[in-house]
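These notes are about the structure you will find just below.
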Amino acid sequence: MNKPMVLLSPTAILGYGFPESSFSRGLSFHPDIIAVDAGSTDPGPYYLGSGKSFVPRGAVKRDLTYLLRAALSRRIPLLIGTAGGSGARPHLNWCREIILEVAREEGLSFRMAVIPADISKSYLLEALAAGKVRPLGPAPELQEAEVAASTYLVAQMGAEPLMAALEGGADVVLAGRCYDPAVFAALPLKRGYPAGLALHLGKILECAAIAALPGSGSDCMIGILEQERFLVEPASLQRRATVDSVAAHTLYEKSDPYRLPGPGGLLDLSESTFVQAGDRSVEVRGSRFCPASTYTVKVEGARLIGYRAISIAGARDPRFIAALDEIIAGVRERTQDNFPGEAGRFELIFHVYGRDGVMGPQEPQPRPAHEVGIVMEAVAESPELAESVLGFARSTMLHYGFPGRLSTAGNLAFPYSPSDFKVGGAYVFSVYHLLTVDSPEALFPVAFEEVRP
């Protein structure tokens, strides 16, 4: 029977940071593995579409310096999933370069496995034609044009390619787009621990101390895995895991509390139990993994829809706020009239914070506010058109006349000068679908390299 395995999750996302004291205490548990999720779709499609990281390079390098030192000095594997934030080739290369830079500066030598997650447009189109692609959730049926317009396409690997990397003797595993729990479950699965417990533990550890009280995405979490159960405990003595905090995090980002689908099957939590094992730790039992009859992976892609410019303003005049819907409608009409030759080439959007800026028309309780924040947004086919549309709309709203207006000097207060900001490319998710594959490792080739300072 396997001895208990200790897993250390240092932070919710590589680059979010962690206290040195917590990391040191986490290492005192003598972990068998350090694993970290490095990305998410939470920040939206821009980062996948543009090939850029949403976490600063300096922050990622800081975290990697600690993690590489600790893992290599203790001769335990370090696994990194969804490199660079979105896990496409530019993100993977970006993170690899930081690792190599740290290795040179720290004098570190190790064997590294790099696992890309990119898939070609031609491959996905062939799979689509063969009936191997279906929508995920509310996504529409995939169209060839959406595939063609995507800048990057990635598939979400399960634990199997990571296990192959470990089997090949990797000290450090750097992977592209990953199923979040996979980097934590790979070594336990390789050593024969139950898949249900390993994946459920990975589901909790991937966000580190967010599953503790008080929750934090920039602090460490410890997992202890056995054959019949696992335990979770925050590394910081200022935090504690409770039944409620751990069970609640199990539901995090899931639409079904009992059935959590992932690559190759689903995690069945219908018989899971959560028990307070100590003042700061929770025990979980009963989680099961149910393999699917066919192996599917999620495919993500993003496409450029234009260029964005925004302006931020505030308003406190109660008459202006009362007439705001009329004013916005008037500004839209005036803007459309001012750019008759550009019809269909731009979109003008208003977000009114303090009233319904978060939920828009779905806001259940829109209430008059004594002040509002207004974000004006123009998205257009070119940066120049976006800036022109925004500038016209902003100046029109600034001086728009409305019933009861007391001053003609201006309706808006701008916190910044300049008032308009060039945001750059605007993207949407173009592919968010499930792909049936012949093998869990078919799309994810493992390449090894010997890193020397």
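Taking into account only those residues within the stretch 136-156 that are under 19 Å from residue 295 (Cα atoms) and at pLDDT below 95, which is surrounded by the most Cβ atoms within 10 Å (Cβ to Cβ)? So the residue we want is 136. Restricting attention to the stretch 233-251 and to residues that are assigned to a helix (DSSP H, G or I) and touching a helix residue (DSSP H, G or I) at 6+ places or on another chain (Cβ under 6 Å), the residue that is modelled with the lowest pLDDT turns out to be 249. Residue 425 - would you say it is outside any helix (DSSP H, G or I), touching a residue at least 24 places away in the same chain (Cβ under 8 Å) and under 30 Å from residue 155 (Cβ atoms)? Judged against the criteria, residue 425 is a match. Within the stretch 249-278, being within 14 Å of residue 204 (Cα to Cα), touching a residue at least 24 places away in the same chain (Cβ under 8 Å) and surrounded by fewer than 17 Cβ atoms within 10 Å (Cβ to Cβ) holds for one residue alone: 252. Starting from residues that are β-branched (Val, Ile, Thr) and under 16 Å from residue 176 (Cβ atoms), keep the ones in the stretch 56-87 and report whichever is nearest to the chain's Cα centre (by Cα). Out of the qualifying residues, it is 82.
It is to be established whether one or more residues within the stretch 300-308 are touching a strand residue (DSSP E or B) at 6+ places or on another chain (Cβ under 9 Å) and over 30 Å from residue 377 (Cβ atoms). No: the stretch 300-308 contains no residue that is touching a strand residue (DSSP E or B) at 6+ places or on another chain (Cβ under 9 Å) and over 30 Å from residue 377 (Cβ atoms).
Can you confirm whether residue 379 is outside any loop (DSSP other than H, G, I, E, B), surrounded by fewer than 17 Cβ atoms within 10 Å (Cβ to Cβ), hydrophobic (A, V, I, L, M, F, W, C) and touching a residue at least 40 places away in the same chain (Cβ under 8 Å)? I'd like the intermediate steps shown before the answer.
On the way: outside any loop (DSSP other than H, G, I, E, B): yes; surrounded by fewer than 17 Cβ atoms within 10 Å (Cβ to Cβ): no; hydrophobic (A, V, I, L, M, F, W, C): yes; touching a residue at least 40 places away in the same chain (Cβ under 8 Å): yes.
Taking the combined requirement at face value, the residue does not satisfy it.
Might you let me know whether the stretch 160-183 holds any residue that is within 18 Å of residue 251 (Cα to Cα) and not in a loop (DSSP other than H, G, I, E, B)? Looking for residues that are within 18 Å of residue 251 (Cα to Cα) and not in a loop (DSSP other than H, G, I, E, B), one finds at least one in the stretch 160-183, hence yes. Every test in (1) of a type outside the set (Phe, Trp, Tyr); (2) without any contact (Cβ under 8 Å) to a residue 60 or more places away in the chain; (3) buried (at least 17 other Cβ atoms within 10 Å of the Cβ) is passed by residue 374 save one, and that test is (2). One residue stands out in the stretch 134-154 among those that are in contact (Cβ under 8 Å) with a residue 12 or more places away in the chain and over 23 Å from the mean Cα position of the chain (by Cα): the one that is nearest to residue 261 (Cα to Cα), namely 144. Using the structure shown, decide if residue 223 is under 24 Å from residue 95 (Cβ atoms), touching a Cys at 6+ places or on another chain (Cβ under 8 Å) and either touching a residue at least 24 places away in the same chain (Cβ under 8 Å) or not assigned by TED's automatic domain parsing to the domain that holds residue 100 (or both). No; evaluated as a whole, the condition is false for this residue.
Which residues, counting only those in the stretch 435-450, are assigned to a strand (DSSP E or B), buried (at least 18 other Cβ atoms within 10 Å of the Cβ) and of a type in the set (Val, Ile, Thr)?
Step one: filter the stretch 435-450 for residues assigned to a strand (DSSP E or B), giving 435-437, 447-450.
Applying the additional criterion that residues be buried (at least 18 other Cβ atoms within 10 Å of the Cβ) yields 435, 437.
Listed by number, the list holds a single entry, 437.
Kindly evaluate residue 385 against the criterion of being within 19 Å of residue 336 (Cβ to Cβ) and not in a strand (DSSP E or B).
Numbers: within 19 Å of residue 336 (Cβ to Cβ): yes; not in a strand (DSSP E or B): yes.
Yes.
The values are calculated or read from the model by the stated rules, or taken from the named source; none is laboratory data. These numbers come from a predicted model, not from an experiment. Glycine gets a Cβ as well: all are built from the backbone with ideal geometry, and neighbour counts include every protein chain shown.
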